[in-house]
Amino acid sequence: MLDQYGRRIRDLRVSVTDRCNLRCVYCMPADGISFRPAAELMQDDELVSLIRIGAEVGVEKVRLTGGEPTVRANLVDIVREIAAMPGIRDVSMTTNAVLLGRLAEPLARAGLRRVNVSLDTLDPTQFARITRGGRLQDVLDGLAAAERAGLRPIKLNAVVVRNFNDHAVVDLAALSIDHDWDVRFIEMMPFGTVGDFAEAGVINSEETMARIEAALGPLAPVDLSGEDPARTYRLPNAKGKVGFISPVSEPFCAKCGRLRLTMDGKLRLCLLRDDEEDLLTPLRRGESYEQVKERFRAAAFRRPFGHALAKRLYPHQRVMIQIGG
């Protein structure tokens, strides 16, 4: 499956819910959001059908996102169905890990291969501030459970926000020394009603790298190819890696091979643009499987080349929790 610029599309990120058990400052407005009625969201069979269509037109990797995917009912059964689909060779999940303590093992048995865990600080007080009330220990327990269940490689994602957690990057990077983990630092992206806050909080990856090197030593390049959004490095004598995802300062659009399926059945063509193709409505009104598949394929082909952050054209229809990273 190719888009109009010849980029191969293999990766589908699927938001299984807009609910979350945390309220992170860079993801959700302070006054919250209006959650969609359950009837407007993909039901289990609809979600599986649309992912199967993706697999039939070229998707090979599925990552489940949210909101927080572990709050979705029947998640283990959904993972089992996806993992069994012909053509799907990798099923992963982005999670805050709060519920992984009890879900890691059943998810691994169902076919989940690995997890990306959002973790922005190792300071319990700061964690509670960023997540508006979360408990750091729940995440640490979830990471331990993921390791026991064999969900590897574990990747930690930290969104770096000026004056919120920029001082925490050294402690987070140091985790890669003793653990075979990928610790990745993500530039904050402006979205909708949190756009102005996000723009004020942006710290580019170069600044984050300099802070880490000053404290922990030189970062030796591992993979700068751009095939993965993260450019990865290794600290001296480290078991794991440190990565930098730089959508603002160093966009990776030219090699992007991702689509996103939102919790209400919209195929979103770029994380940072509002262009979407509604697949759920045609499915519900009785269009044939082949017709919906053609909608999927045609939408994928028209993907834009890249985002428009440099022009300050931020997505406004949704915030991150409604899209799924």
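The values are calculated or read from the model by the stated rules, or taken from the named source; none is laboratory data. As the structure is a prediction and not an experimental result, all values here were calculated from the model. Because the Cβ atoms are built from the backbone with ideal geometry, glycine has one as well, and the counts that use them run over all protein chains shown.
Applying the condition of being in contact with a helix residue (DSSP H, G or I) (Cβ under 7 Å, 6 or more places away or on another chain) and in contact (Cβ under 8 Å) with a residue 24 or more places away in the chain to region 266-277 and asking which residue is surrounded by the most Cβ atoms within 10 Å (Cβ to Cβ) yields 267.
Would you point out the residue of region 37-93, among those that are touching a residue at least 24 places away in the same chain (Cβ under 8 Å), assigned to a loop (DSSP other than H, G, I, E, B) and surrounded by fewer than 16 Cβ atoms within 10 Å (Cβ to Cβ), that is nearest to the chain's Cα centre (by Cα)? The qualifying residue nearest to the chain's Cα centre (by Cα) is 89.
Among the residues of region 217-245, those identified as at pLDDT below 95 and either under 14 Å from the mean Cα position of the chain (by Cα) or of a type in the set (A, V, I, L, M, F, W, C) (or both) are 224, 228, 229, 230, 245.
Filtered by the rule that a residue be touching a Phe, Trp or Tyr at 6+ places or on another chain (Cβ under 9 Å), assigned to a loop (DSSP other than H, G, I, E, B) and either among the aromatic types (Phe, Trp, Tyr) or over 27 Å from residue 7 (Cβ atoms) (or both), region 219-236 gives a lone residue, 219. A search for C-beta distances below 8 Å between a residue of region 12-34 that is more than 11 Å from residue 263 (Cβ to Cβ) and any residue that is among the aromatic types (Phe, Trp, Tyr) and part of a loop (DSSP other than H, G, I, E, B), counting only pairs 6+ apart in sequence or on different chains, returns 25/164.
Looking only at residues of region 163-174 that are surrounded by fewer than 19 Cβ atoms within 10 Å (Cβ to Cβ) and outside any loop (DSSP other than H, G, I, E, B), we find that the one that is nearest to the chain's Cα centre (by Cα) is 166.
Kindly indicate whether any position in region 237-254 is over 18 Å from residue 186 (Cα atoms), among the charged types (D, E, K, R) and in a strand (DSSP E or B). Looking for residues that are over 18 Å from residue 186 (Cα atoms), among the charged types (D, E, K, R) and in a strand (DSSP E or B), one finds none in region 237-254, hence no. Each residue in region 94-103 was checked for being farther than 23 Å from residue 261 by Cβ and either over 18 Å from the mean Cα position of the chain (by Cα) or surrounded by fewer than 18 Cβ atoms within 10 Å (Cβ to Cβ) (or both), and 2 pass. Looking at 199, 187, just one residue is within 19 Å of the chain's Cα centre (by Cα), modelled with pLDDT under 95 and of a type in the set (Asp, Glu), and that residue is 187.
For the structure I just gave you, tell me whether residue 101 is among the small types (Gly, Ala, Ser) and modelled with pLDDT of 95 or more. Taking the combined requirement at face value, the residue satisfies it.
Restricting 259, 280 to those that are crowded, with 19+ Cβ neighbours inside 10 Å and either among the polar types (S, T, N, Q) or touching a strand residue (DSSP E or B) at 6+ places or on another chain (Cβ under 7 Å) (or both) reduces the list to 259.
Residues in region 124-162 that are part of a loop (DSSP other than H, G, I, E, B) and closer than 16 Å to residue 185 by Cβ: 154, 162.
In region 124-146, is there at least one residue being surrounded by fewer than 23 Cβ atoms within 10 Å (Cβ to Cβ), charged (D, E, K, R), within 30 Å of residue 214 (Cβ to Cβ) and modelled with pLDDT of 95 or more? Within region 124-146 (the criterion being surrounded by fewer than 23 Cβ atoms within 10 Å (Cβ to Cβ), charged (D, E, K, R), within 30 Å of residue 214 (Cβ to Cβ) and modelled with pLDDT of 95 or more), the answer is no, since none of the residues qualifies. Residues of region 8-32 that are buried (at least 17 other Cβ atoms within 10 Å of the Cβ) and either part of a helix (DSSP H, G or I) or aliphatic (A, V, I, L, M) (or both): 9, 12, 14, 16, 22, 25, 28.
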